[in-house]
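Okay, so here's the structure we're looking at.
Values in this text are rule-based calculations from the coordinates and carry no lab data. Fair warning: this is a prediction, and the values are worked out from it, not measured in the lab. Cβ placement follows ideal geometry from the backbone for every residue including glycine, while neighbour counts extend to all protein chains displayed.
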Amino acid sequence: MKANREWIIKGIALAVWIGILISSGIAFAQHRQYKETVVLGEGVTQVKTLGDYFEPIKGTTNDCNIYILDSGVPGGTLLIMAAVHAEEPATNLAAQLIVENAGVTTGRVLVAIHENRSASTVTRPGDAYPQFYTVKTEWGEKKFRMGDRWANPLDSWPDPETYVHYPSGQMLAYMDTRNMNRTWPGRANGSLAEQTSYAFMRLIEQENVSLTIDLHEAELEYPIIGTIVAHQGALNVAAMASMMLTAQEFPIGMEISPLALHGLSHREIGDYSNSPCILLESPEPFLDRVRGVTDEALLLTGKDEFVMKAGEKGLLYWPIDENGWSIDIRVARHVRTVEKLTELWTRFHADTAMVFSGLPSYEEMVDNGVGHYFTDPATVSANRLAFE
Ligand SMILES: [Zn+2]
């Protein structure tokens, strides 16, 4: 009789366990397969994919869209890369805002909204990350995938004991073989992230890119925050942008890319191509270790009393108060900094000029919110839609 009851309890426990496995498996699959919709703005003249520049990437998870905004007027080429770390949502939102709204009057602008697509197909369930977030627009809610810092192990497995960066030989943590900001300049037969970096280097070569901008966000406990990190090939542009933006619009620092720290975009892209690279960081309290509840609200508002407390104790490298750091401000910082850097690049390099038109001002983006700049996909024809 007692033995029977034990078996019943074990049976129920097994059934509950299988139920959890199935329901979480379905949730993971739905997240991985969800496609974000992008409305091609009037400035978009062509959509290629990364695999067009390096065949082995074709058809893989990381064969991301490359949006081309070509003015038809000779000039330089700007490459904007976003969401290399897919848990930094202001980056892909800023890139998508540019794709949906920007015009270009001189030169060309190339945009990758999900630079490491694989990383946007997985989150950190162990850290209680939400799988999705939604942005309010005038026509309803627009849904996006939250992601992770590293490519999905489903696409890139197994990790090595130690990740040895190619070609420097610098030793890094094992999981950084999936971190695309540690795999530049990449290698043709390496891990998925290394191959993706390699493919972007071929894109930079084949499209004769003049300047590359890599968008990021960081925790306030991290010293590289609210700043522009520049390769030595673009120091004048970065320093001038930092001074002008800080004096006129919002505070943003400037740092020089360290020479001996390998695998990062702002170091290797400039060293291995003709395009200097500039990396931008905005403040994302969601990433702070000391944060409270890790939910969509924190992701979007950047308000957190525990992070604020850490600030009071002098533990942060960036200020925070009860207003937090909203997604609208973070996106506005990125879009404006990209535009300012481009403007200054053109001033210093008239032969590779690149000029944006139609981008909203910092105040407009903060006041209207990022959702204001996304077009209702239902109002455009199917050939003006793309999926991420
Ligand atoms: Zn990052």
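Taking amide H positions as modeled 1.01 Å from N, with prolines and chain starts lacking one, the residues under 5 Å from GLU255 and 5 or more places away or on another chain are ILE228, VAL229, ALA230.
Between ALA382 and LEU261, the simple label model (points 7 Å from Cα in the Cβ direction) yields a spacing of 4.8 nm.
Amide H contacts for SER282 (H built 1.01 Å from N in the peptide plane; partners 5 or more residues away or on another chain; cut-off under 5 Å): HIS216, GLU217, ALA218, GLY226. Sorting MET171, MET180, MET308 by the number of Cβ atoms found within 10 Å of their own Cβ, with the fewest placed first, yields MET171, MET308, MET180. Under a 5 Å amide H cut-off, with hydrogens placed 1.01 Å from N, PHE132 pairs with MET146 among residues at least 5 apart or on other chains. Where does the longest stretch of the chain lie that holds no trypsin sites (Lys or Arg not before Pro) found in a DSSP loop with 12 or fewer other Cβ atoms within 10 Å? Longest site-free region, per DSSP loop and neighbour criteria: 36-288. Taking 4 °C and 1.567 mPa s as the conditions, I'd like the Stokes-Einstein D for the chain in µm²/s, using the Kirkwood hydrodynamic radius from alpha carbon pairs. In µm²/s, the coefficient rounds to 60.
Counting charges near GLN96 (Lys, Arg +1; Asp, Glu -1) among other residues having Cβ under 12 Å from its Cβ returns a value of -2. Taking other Cβ atoms within 10 Å as a rough exposure proxy, MET243, MET354, MET81 sort from fewest to most as MET243, MET354, MET81. In whole angstrom, region 120-172 maps to an equivalent ellipsoid with semi-axes of 34, 13, 9, each derived as √(5λ) from the alpha carbon gyration tensor and ordered largest first. Exposure proxy ranking for TYR67, TYR362, based on other Cβ atoms within 10 angstrom of each Cβ and starting from the fewest, stands as TYR362, TYR67. DSSP assigns beta bridges within the chain; of those with both partners inside it, close to 55 percent run antiparallel. With N as its number of residues, region 246-328 has a Cα radius of gyration that, divided by 2.2 N^0.38 Å, comes to 1.37. Taking Rh as the Kirkwood radius computed over C-alpha pairs, what is the Stokes-Einstein D of region 16-148 at 4 °C in a medium of viscosity 1.567 mPa s, expressed in µm² per second? Diffusion coefficient, whole number: 80 µm²/s. Rg/Rh, computed from the Cα trace of region 243-388 with Rh as the Kirkwood radius, has the value 1.01. Mean separation of Cα pairs under 8 Å and 6 or more residues apart, divided by the residue count, gives the chain a relative contact order of 20 percent. Based on Cα atoms of region 14-93, Rg over Rh with Rh as the Kirkwood radius reads 1.15. Counting Lys and Arg as +1 and Asp and Glu as -1 over every other residue whose Cβ lies under 14 Å from the Cβ of HIS231, the net charge comes to -3.
All other residues whose Cβ lies under 12 angstrom from that of ALA241 are scored, Lys and Arg at +1 and Asp and Glu at -1, for a net of +1. Using a ≥ b ≥ c from the Cα gyration tensor of region 118-249 (square roots of the eigenvalues), is it rounded, prolate or oblate, where a/c under 1.5 gives rounded and otherwise the larger of a/b and b/c decides, a/b for prolate? In terms of gyration-tensor shape, oblate.
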